[in-house]
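Heads up, the thing below is written out as structure tokens.
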């Protein structure tokens with residue numbers, strides 16, 4: 001790490017602590033003695049979503065949070081639960097260094113997580129994700145839930 005004051009290449013870390021998913025490091029130049037702060041974060045690969053109509057768009061964390069928020073409305077599901085689900089989608093592909101996923105893969109991961117947290121939210125999300133068009137679709141998914149329990 002170069003010193004921003006004298007451009008010397010050798011600095012030492014004086015203090016390090018996590019802040020908002022990043023590492024905050026206080027550094028000191030071994031040449032001029034001045035101190036400065038750096039922030040480090042993990043670089044996530046760009047994630048593209050292949051939609052049902054074969055178009056690609058950037059993965060939008062907020063869009064997924066909005067969809068989940070609608071599904072869990074007036075249910076005992078916390079914001080932390082929603083963030084954990086979205087994190088699991090992101091980390092699943094970041095860990096494998098995948099850069100492209102399908103919207104159906106995202107939906108499957110979300111449904112898997114929702115099934116464990118809240119079954120009503122699971123059915124709500126599934127009705128939109130799987131594009132239910134009739135009552136029979138709801139009966140089928142509820143029957144699957146009963147069979148799993």
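In the elastic network of the chain, a GNM with C-alpha springs shorter than 10 Å, the most mobile of 122, 39, 93 is 39.
Hey, in the GNM for the chain with a 10 angstrom Cα cutoff, which one of 65, 19, 82 fluctuates hardest? Ranking 65, 19, 82 by mean-square fluctuation puts 19 first.
Rounded to the nearest 10 degrees, what's the angle between the helix 79-95 long axis and the longest principal axis of the chain, both from Cα atoms, 0 to 90? Its long axis makes an angle of about 70 degrees. With springs only between Cα atoms under 10 Å, which of 26, 75, 84 fluctuates most in a Gaussian network model of the chain? Looking only at 26, 75, 84, the largest GNM fluctuation is found for 26. Computed from Cα positions, the angle between helix 135-148 and the longest principal axis of the chain comes to roughly 70 degrees. Taking the alpha carbon gyration tensor of the range 1-52, what are the square roots of 5 times its eigenvalues, largest first, to the nearest whole Å? Semi-axes, largest first: 33, 13, 6 Å.
Sorted fewest first by neighbouring Cβ atoms within 10 angstrom, 139, 85 come out as 139, 85.
Separation of the range 46-73 and the range 95-149 by C-alpha centroid, Å? If you average the Cα positions of each part, the centres end up 14 Å apart. Between the entries [x] 1.11; [y] 0.99; [z] 1.51, the label attached to Cα Rg over 2.2 N^0.38 Å calculated for this structure is [z]. Computed over the range 58-104, the convex hull of the alpha-carbon atoms projects to a mean area of 3.5 nm². Only DSSP H runs of four or more residues enter the estimate; each adds -39500 (n - 2.57), and after division by the residues of the chain the mean residue ellipticity at 222 nm equals -14500 deg cm²/dmol.
Relative to the dominant Cα principal axis of the chain, helix 61-71 is inclined by about 30°.
Normalised by the residues of the chain, what does the relative contact order come to in percent, with Cα pairs under 8 Å and at least six apart?
15 percent
Every read-out reported here was derived from the displayed coordinates using simple, explicitly stated rules and does not represent laboratory data. Nothing here was measured: the structure is a model prediction, and the numbers come from that model. Counting neighbours? That spans all protein chains shown, and the Cβs are built from the backbone with ideal geometry, glycine included.
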